[in-house]
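The values are calculated or read from the model by the stated rules, or taken from the named source; none is laboratory data. The shown structure was predicted, so the numbers you read here are calculated from the model rather than taken from an experiment. Virtual Cβ from ideal backbone geometry, glycine too; neighbours counted across all protein chains shown.
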Amino acid sequence: MTDAGAAGAGAAGTPATVLDPARTAGSPTAPIAISLRGVSAGYDGQIVLRDVDLEIEAGTLTSIVGPNGAGKSTLLKVIAGLLAPRTGSAVVLGGAPGEQARRIAYVPQAELVDWGFPVSVNDVVSMGRYVRMPLLARPSKADRQLVRSSLELVGMAAFGDRQIGRLSGGQRRRVFLARALAAEPDLFLLDEPVTGIDATTQEDIMDILEAQARAGRTVVATTHDLMCAAERFQRVVAINGTVIAHGPSSLVLDRNLLSRTYGGHLLVLEGATIGLDDAHHHDQPAGRAEQHYHDGPGR
C-alpha cells in the first residue's frame, strides 16, 4: 500500500485515505509486521470485512477504530490466524497468519471470557508461557519468575492465588495483559483493552503498551475511545467494513474522516467528538453462551 494512493474503498465508495507525513517525506521506514492485500473475511457466509489493504510497521502502537460491527474484532482475528480470509493474502511477522503463533499474544474482549472457570491469577498468567515450553513440560524456575515479574509490572503480584472471577474488571484486564507479557511476543493484538475500566487502570495499561512499542514490539489494539486513540497511540486505522483511513493518530480529530467512518453515530459536545456506539462491539451474532460483564463504578 502506498501513502499517495488509494487503498480499497470507503463505506460510501470513496477511496481510503492513507496519510503519513514521515513516509511521504521519504524517510526510512521500519520493517512491515503486518501486510494485508485484498483481504475479505466474515462468518457463516456473511462478509464483515471487504477488500482490506493494510500495512503496519514493526514497533508501532496502532489503534483500530470504527463503529459497532465495523469489523474491528474480525480484523484482529484474521491477523492472529484465528479466522482465515475468504479472499486476498495476509503476511504476519514474515509468514502466513498463525505460522508465527509463538510470537503473537492475542487478548480477546473481556466479556467473551468465562470468568467462572476455577483458575487462579497465577494459572492464567502461566498460560502465557505454554507456547514457549516443550509439550507436557512443567514450568521452569525461569518461567515462574517471568510470570511473577509480569504480574508485578501490571500491579497484580499480590493477587496471584485469587480466583480470576473474583477480580474487578480493571484487575482482570491487568491479569490478561500480564499473560500476554509473559508470552514475550513480538506482536500484541488486544481487543478493547481499555474499555469499561477506571482511568488509573487505563493509563497504567497504556503506559505498558507504549513501553512495549518503544522496545520494538508491535502493538495493535481496538478501541471505541477516540481521545485515547488520539492521545496515547502513534497511528490509527479507521474501518467500517473496509479500511477508511490509515495514518497518524491525529486523523481521529478530523471530523470529515470520522463522518465517513461513523456516519451518523457521532456527537460533538463543546468541541469534543464522541462515538455513540456500544463499547462492546461484536462483528458476529452473539451466541447463546455469550455473556456481557459491565463493571460498576470504581472498577
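Before we move on, is Ser150 modelled with pLDDT under 95 and of a type outside the set (A, V, I, L, M)? Judged against the criteria, Ser150 is not a match.
Scanning the range 48-72 for residues that are modelled with pLDDT under 95 and surrounded by fewer than 22 Cβ atoms within 10 Å (Cβ to Cβ) turns up Asn68, Gly69. Condition test on Ala158, is it modelled with pLDDT of 90 or more, within 24 Å of Ala213 (Cα to Cα), surrounded by fewer than 16 Cβ atoms within 10 Å (Cβ to Cβ) and hydrophobic (A, V, I, L, M, F, W, C)? No; evaluated as a whole, the condition is false for this residue. There is no residue in the range 9-18 that is at pLDDT 95 or above and either farther than 18 Å from Thr218 by Cα or more than 19 Å from the chain's Cα centre (by Cα) (or both). Only strands (runs of 3 or more DSSP E) whose full extent lies in the range 223-299 are considered here, and the ones with at least 2 residues that are surrounded by 12 or more Cβ atoms within 10 Å (Cβ to Cβ) and at pLDDT below 90 are 272-275. In this structure, Leu83 qualifies as at pLDDT 95 or above and either assigned to a helix (DSSP H, G or I) or under 22 Å from Phe176 (Cβ atoms) (or both). Look at (1) over 22 Å from Ser73 (Cα atoms); (2) crowded, with 21+ Cβ neighbours inside 10 Å; (3) of a type in the set (D, E, K, R) and you find that Glu152 fails only one, number (2).
Counting the residues of the range 78-99 that are buried (at least 18 other Cβ atoms within 10 Å of the Cβ) and closer than 13 Å to Leu187 by Cα gives 6.
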